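*Asks:* Starting off with a structure, shown below.
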Amino acid sequence: MAAALALIDCNNFYASCEQLFDPALQGRPVVVLSNNDGCIVARSREARQLGIAMGTPYFQVADRLRDQQVVVRSSNYALYGDMSQRVMALLKQRVPELEVYSIDEAFARLPALPAHELSSWAAELRVLVRQQLGLPIALGMAPSKVLAKLANRLAKRDPARTGVCNLLLEPQLPDRLAEVAVEDLWGVGRRLARWCRLRGLATALDLAQADSALIRQGWGVVGLRLQQELRGISCLALESEPAAKQETCVSRSFGTAVLDRLSLREAVAAHVVRGAEKLRRQGQRAGRLTVFVRTSPFAAGFYANSISVSLPLATADTAVLLQRALPLVDQLFRHGYAFQKAGVLLGQLQPQEHLQHHLLVPCSPQQLRRRSRLLQAVDGLNQRFGTGTVQWAAVGVEPDWCMRRQHLSAHFTTSKADLPMVSAHE
């Protein structure tokens, strides 16, 4: 039996979600834009074939996209997040252990099957995900995480592999490693890539075959682990339970510049509300709150500032956090500046079940229980009926500063009002 890992990745995830719920987009080039419709952050296979580059500012290619009949969509985070949860839930049913690595990819420990049977198993999983969720996936299987990442890349780039690459059966693995530049390896940043190049280590194969003493001298245990992973020795364990977060940050660039104090307060309030919801979902409380604002770095008279406060009692209570955050906005605001971005950083996080009390700030268990039940009710209503169903007044109503998304598709899976309608005619 072969002990194996896999990287399972959704192909062109954002664009695939858009094509899934709009049959008219099937087979057409689709691009998805970043916040405020800034840059291209996702492309369908058809869009890539047109040579549309990732990260290109939308305003630079808007005319070209229109001429080539490319469909443009704004980022629909509610849709992508919900589809991601569905994919991961299905994968967890099919593998012994799963580490969710990002919104569209996960590492998995594979079933204890002979190596030659894993390819068939992977092909069946691709069919299952396509049938039940309508999304294409690729699987790269190998003895280690780094090689699984490489295998996944080969699975997507080589059409002959039909979305599955099993390096456990790869007779020419050294040839595959020789084709990968050291900069393209997972876990290799600029500094390590430059260090390798200066010593003649240009490819993944060069790094795998290098003197281990040299690697240890230059990059210590981290470098040795990477080298061992390339040699097929697993050194990076799966993390099926994510580590507790040390900080939680919520920020957004504004759709239009914010010029007045009230709008800036509403924006920061919206971020505090979102941050508090994240804390409760993570089962944590914050002991420190930071509010930050800035204008555009490309405009004259750049201004950026932040203020932090310690909380006498760590909390995830939205009302308490708003009470401490909004006075900080008044201190940060400057007349005559066009603010482009604001955010909140919640730090000194601790588990929800542990609360260090303060002698000078009494808070009875009864008060805590009542507030907890109230916040649970609010979160439950928003989860059931959609974000913002129950909203805090400090956020305002239909604010002008909201993120610009002029090409937003419907919330097909999270809003009853956006459910696709089907009609039949005789």
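*Asks:* Rolling a 1.4 angstrom probe over the protein heavy atoms, how many square angstrom per residue are accessible across region 246-324?
*Replies:* Numbers: 3460 Å² over 79 residues.
So region 246-324 comes to 44 Å² accessible per residue, rounded to a whole number.
*Asks:* Another question, then. Can you check how the C-alpha radius of gyration of region 243-357 compares to 2.2 N^0.38 Å, as a plain ratio?
*Replies:* That ratio works out to 1.08.
*Asks:* Oh, and also: Kindly give the semi-axes, whole Å and largest first, of the ellipsoid equivalent to region 114-220, taking each as the square root of 5 times a Cα gyration tensor eigenvalue. Present the calculation step by step, with values, prior to reporting the outcome.
*Replies:* Working: eigenvalues 196, 39, 26 Å².
Here the semi-axes work out to 31, 14, 11 Å.
*Asks:* Cut-off 10 angstrom, C-alpha nodes, Gaussian network model of the chain. Which of ASP104, ASP184, ASP379 fluctuates the most?
*Replies:* Judging by the Gaussian network model, the answer is ASP184.
*Asks:* Might you tell me the accessible area per residue for region 137-188, computed with a 1.4 Å probe and given in Å²?
*Replies:* I get 40 Å² per residue for this part.
*Asks:* Still on this structure, please answer the following. If packing is taken as the mean number of other Cβ atoms within 10 Å per residue, what is the order of 187-193, 32-38, highest first? Could the numbers behind the result be given before it?
*Replies:* On the way: 187-193: 14.3, 32-38: 19.7.
Those peptides, ordered most packed to least, come out 32-38, 187-193.
*Asks:* Also, I was wondering about something else. List the residue ranges in the chain for DSSP H helices whose C-alpha atoms run 20 angstrom or more along the long axis and whose Kyte-Doolittle average is -1.0 or above.
*Replies:* 77-94, 115-133, 261-282, 318-332
*Asks:* Could you work out which residue, out of SER310, SER144, SER409, moves most in a Gaussian network model of the chain, that is, has the largest mean-square fluctuation with Cα springs under 10 Å?
*Replies:* SER310
*Asks:* Taking 0.36 nm per intervening residue step and subtracting the Cα-Cα distance, what contour gain separates GLN68 from MET54 on full extension?
*Replies:* The GLN68-MET54 span can extend by a further 3.4 nm.
*Asks:* Counting alpha carbon pairs within less than 8 Å and at least 6 residues apart, what relative contact order, in whole percent, applies to region 2-102?
*Replies:* Details: 110 pairs, mean separation 25.2, N = 101.
Rounded, it is 25 percent for region 2-102.
*Asks:* How about region 285-342: which chymotrypsin sites (Phe, Trp or Tyr not before Pro) there lie in a loop by DSSP and see at most 13 other Cβ atoms within 10 Å? Could the numbers behind the result be given before it?
*Replies:* Numbers: sites: PHE292, PHE298, PHE302, TYR303, PHE333, TYR337, PHE339; in loops: PHE298, PHE302, TYR303, PHE333, TYR337.
Those satisfying the criteria are PHE298, PHE302.
*Asks:* Can you compute the helix-only [θ] at 222 nm over the chain? Use -39500 (n - 2.57) per DSSP H run of at least 4 residues, normalise by all residues, nearest 500 deg cm²/dmol. Could the numbers behind the result be given before it?
*Replies:* Numbers: 13 runs with 172 residues, N = 426.
Dividing the helical sum by the residues of the chain leaves -13000 deg cm²/dmol.
*Asks:* Which value in nm describes the separation of the simple spin-label points at LEU368 and ARG216, placed 7 Å from the Cα toward the beta carbon?
*Replies:* In this crude spin-label approximation the distance works out to 4.9 nm.
*Asks:* Where Rh denotes the Kirkwood radius from the mean inverse Cα pair distance, what is Rg over Rh for region 174-268?
*Replies:* 1.27
*Asks:* Moving to a separate point now. In percent, how large is the relative contact order of the chain, given Cα pairs closer than 8 Å and 6 or more residues apart?
*Replies:* The value is 16 percent.
*Asks:* For all pairs of alpha-carbon atoms in region 32-94, what percent lies in each bin of width 10 Å, listed from the first bin to the last filled one?
*Replies:* 20, 43, 24, 11, 2
*Asks:* Could I ask something else about it? Rounded to the nearest percent, how much of the accessible area of the chain (1.4 Å probe, protein heavy atoms only) is carbon and sulfur?
*Replies:* Ligands and nucleic acids excluded, carbon and sulfur reach 52 percent.
*Asks:* Let me ask another. Amide H of GLN284: which non-local residues (sequence gap of 5 or more, or other chain) have their own amide H closer than 5 Å, using H built in the peptide plane?
*Replies:* The list, which skips near neighbours in sequence, is GLN352.
*Asks:* Cα centroids of region 143-214 and region 229-286: how far apart, whole angstrom?
*Replies:* 32
*Asks:* Could you please state, rounded to a whole Å, how far the C-alpha centre of region 31-95 is from the C-alpha centre of region 389-418?
*Replies:* Rounded to whole Å, the Cα centres lie 20 Å apart.
*Asks:* Provide the per-residue ³J(HN,Hα) series for region 283-289, in order, calculated from phi with Karplus coefficients 6.51, -1.76, 1.60 and θ = phi - 60°, each as a whole number of Hz, with x at glycine and proline positions.
*Replies:* For region 283-289, the Karplus curve yields x, 10, 10, 9, x, 8, 10 Hz.
*Asks:* Give, in nm to one decimal, the length gained when the segment between ARG28 and HIS354 is fully stretched (0.36 nm per residue of separation minus the Cα-Cα distance). Write out the running numbers ahead of the final one.
*Replies:* Working: separation 326, 0.36 × 326 = 117.36 nm, distance 5.25 nm.
Extending this stretch completely gives an extra 112.1 nm.
*Asks:* Any chance you could tell me what percent of the C-alpha pair distances in the chain go past 28 Å?
*Replies:* Within the chain, distances greater than 28 Å cover 62 percent of Cα pairs.
*Asks:* OK, next. For the pair MET421/LEU113, report the inter-label distance in nm, with labels modelled 7 Å from Cα in the Cβ direction.
*Replies:* Those two pseudo-labels are separated by 4.5 nm.
*Asks:* Anything over 29 Å Cα to Cα? Flag those among LYS278/LYS416; LYS92/LYS245; LYS145/LYS245; LYS278/LYS341; LYS341/LYS416; LYS145/LYS416, in the order listed.
*Replies:* Beyond 29 Å between Cα atoms: LYS341/LYS416; LYS145/LYS416.
The values are calculated or read from the model by the stated rules, or taken from the named source; none is laboratory data. All figures in this text were calculated on a predicted structure; none of them were measured in a lab. Neighbour counts are summed over all protein chains in view; Cβ atoms, including those assigned to glycine, are modelled from backbone coordinates with ideal geometry. SASA here: full protein model, heavy atoms, side chains in, ligands and nucleic acids out. Shrake-Rupley method; radii C 1.70, N 1.55, O 1.52, S 1.80 Å.
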